[in-house]
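Each reported figure results from applying straightforward, stated rules to the coordinates on display, with no laboratory input. Because the structure is a prediction, the values reported are computed rather than measured. FYI the Cβ positions are ideal-geometry reconstructions off the backbone, even for glycines, and counts take in every protein chain you see.
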Amino acid sequence: MIPVRCFTCGKVIGGLWEEYKERRDAGEDPGEVLDDLGVERYCCRRMLLTHLEIVDKFVPYQ
Amino acid sequence: MAIEINVIELTERYAKFIISGLTPASANALRRCMINEVPRMAIDEVNFYENTSVLFDEQLALRLGLIPLRADPGLYVLEDECTCEDGCSLCQSTASISAEGPIKIYSSDLVMGDENISVADDNILIVDLKDGQKLLLNAIIKLGTGEMHAKWQNAVVCGYKNIPHVSITDCNDCGRCVDVCPRDVFKCVDGRVMIGDDINCSCCNLCVEACELDGIVIEEDPEAFLFKLETDGGMTASALIVYAVRMLRDKAVRLKSVLERFSH
């Protein structure tokens, strides 16, 4: 699950993940999507850029 | 010297303003007050009755705590200042979630016990419940300050710098300062080097080192500050500034009354 806030500055980024993922998968440039979402600082940008969703991989082992 | 405030940018969650005519100590007091001392509501304790989601109870509790809640801080009192022993309706409120998968739980799915409290952002993903997974919890919302935990911090980002003044005393229009400046303070107009927005200057002194004539002087105004402030939506930026200034004033008044008692 995407963290609720940026680890470094505390900006709420939990609500941005789904739109970011959708637009990134549609072929948009990740950097431009982040600019568009208002994610300005590089601490918050890395939160979304480097996130990997592993919830679906965990499910069979519950 | 009179205090002057010049607002450069003000939106619901962001403020950028110049405040001049005060000491560095006062400016820092304002900054620290906005970060540390303005109280707000946040989820503090969570009772889990059922949790078969992919996240542990502790992880979920942390995620819930970090969700920004919007409420008037005057509605509740701090737990330490409350007259009750172990929590009452004056110092705490509740929120709950009851769900069974497959469903995605968002911050808007929190059912608040008090209608005066709401989540600032509706779309924060809390947990993704898969087929057959259940979640049943009851959370306790308390008033707190940034001193205790970052979840009670109103200002996400809050900082200031002294207002820089850049001036050119000697120049042969070589343009090195234009190339070297990372903040684009200098600009070249018809072959002449000019100063553009020197408020963007970070005082890195790269231009001073690059200038062969030693013709650039950077000074900082010790009594003027450029504040940048960002909130997470629990409070608007303007409300936070006003609240912090009021708190500072009240503290100063209290200190004065204590000092007066000593002097008699």
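Points to keep in mind about this one:
- For chain B: relative contact order, % (alpha-carbon pairs under 8 angstrom, 6 or more apart): 27 percent
- Using the alpha carbons alone, the radius of gyration of the protein assembly as shown stands to its Kirkwood radius in an Rg to Rh ratio of 1.07.
- Peptide B:121-130 is shielded by partner chain Cβ atoms: per residue, an average of 5 of them sit within 10 Å of its Cβ.
- Translational D in µm²/s for segment A:17-61 (Stokes-Einstein at 37 °C, 0.692 mPa s, Kirkwood Rh from C-alpha pairs): 287 µm²/s
- The protein assembly as shown, helix-only ellipticity at 222 nm - DSSP H runs n ≥ 4, -39,500 (n - 2.57), divided by all residues, nearest 500: -7500 deg cm²/dmol
- Extension gain for residue B:118-residue B:90 works out to 8.4 nm (0.36 nm per residue, less the C-alpha to C-alpha distance).
- Per-peptide packing, taken as the mean over residues of other Cβ atoms within 10 Å, places A:47-53, A:22-28 in the sequence A:47-53, A:22-28 from highest down.
- Theoretical gain in end-to-end length, residue B:28 to residue B:200 [0.36 nm per residue, Cα-Cα removed]: 59.9 nm
- For chain B, the membrane-span-like helix rule (DSSP H, alpha carbon extent of at least 27 Å along the helix axis, mean Kyte-Doolittle at least -1.0) picks out B:237-263; this says nothing about an actual membrane.
- Length added when fully stretched, residue A:51-residue A:29, from 0.36 nm per residue minus Cα-Cα: 6.3 nm
- Across peptide A:1-7, the mean count of Cβ atoms from other chains lying within 10 Å of each residue's own Cβ comes to 6.
- Note on chain B: Lys pairs 8 or more places apart or on different chains, Cα atoms under 21 Å apart, count 7.
- Kirkwood Rh and Cα Rg combined as Rg over Rh, evaluated for chain B: 1.13
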